[in-house]
Amino acid sequence: MQKFIDLTIKPVLIIGGVGTALAGLNAFFPQFAVEKIQELEFIPDYTIFVQHWGIMVGLFGVFMVAAAFKESWRVPIILYG
């Protein structure tokens, strides 16, 4: 089992991290992301919350990709996620 994890952890972190980092679109293009990607109604009053969520989740995705290459980051990132 350990060998399987050693072989797959890097690709899982990269692919999952890139997908998660795409949530960063909410920070920069909140109306587009909410309406076109998430297929929800965009409410301008909630823009700051959508942007905050986008930054938070987008950075987590970036850190997942970084953890694929920096082993000491893996345990904290996986535990947090």
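Summing -39500 (n - 2.57) over the DSSP H runs of n ≥ 4 in the chain and dividing by its residue number, what mean residue ellipticity at 222 nm do you reach, to the nearest 500 deg cm²/dmol? Mind showing how you got there, number by number?
Details: 4 runs with 54 residues, N = 81.
Using -39500 (n - 2.57) per qualifying helix, the result is -21500 deg cm²/dmol.
Using a 1.4 angstrom probe on the protein heavy atoms only, could you order 6, 45 from most to least accessible area? Walk me through the intermediate numbers first.
Working: 6 100, 45 125 Å².
Largest to smallest exposure gives the sequence 45, 6.
Pairs of Cα atoms nearer than 8 Å and 6+ residues apart set the relative contact order; for the chain it is 39 percent. The GluC sites (Glu not before Pro) of segment 6-78 meeting both criteria, a DSSP state outside H, G, I, E and B (loop) and at most 15 other C-beta atoms within 10 angstrom of the site's C-beta, are 39, 41.
Of the trypsin sites (Lys or Arg not before Pro) in the chain, which ones lie in a loop per DSSP and count no more than 12 other C-beta atoms within 10 Å? Don't jump to the answer; show the numbers that get you there.
Numbers: sites: 3, 36, 70, 74; in loops: 70.
Passing sites in the chain are 70.
Rounding to the nearest 10 and keeping the result within 0 to 90°, find how far the Cα-based axis of helix 2-21 lies from the longest principal axis of the chain. Here the helix axis deviates by roughly 20 degrees. Dipole magnitude for the chain: about 460 debye, using +1 per Lys or Arg Cβ and -1 per Asp or Glu Cβ, origin at the Cα centre. Between the beta carbons of residue 28 and residue 66, assuming R0 = 35 Å, the FRET efficiency works out to 0.95 to the nearest 0.05.
Using the empirical formula 2.2 N^0.38 Å as the baseline, the Cα radius of gyration of the chain reaches a ratio of 1.29.
The values are calculated or read from the model by the stated rules, or taken from the named source; none is laboratory data. Nothing here was measured: the structure is a model prediction, and the numbers come from that model. Reconstructed Cβ throughout: ideal geometry from the backbone, glycine too, with neighbour counts over all protein chains shown. Each accessible area value is taken on the protein alone, full model and side chains, heavy atoms only, with ligands, DNA and RNA left out. Shrake-Rupley method; radii C 1.70, N 1.55, O 1.52, S 1.80 Å.
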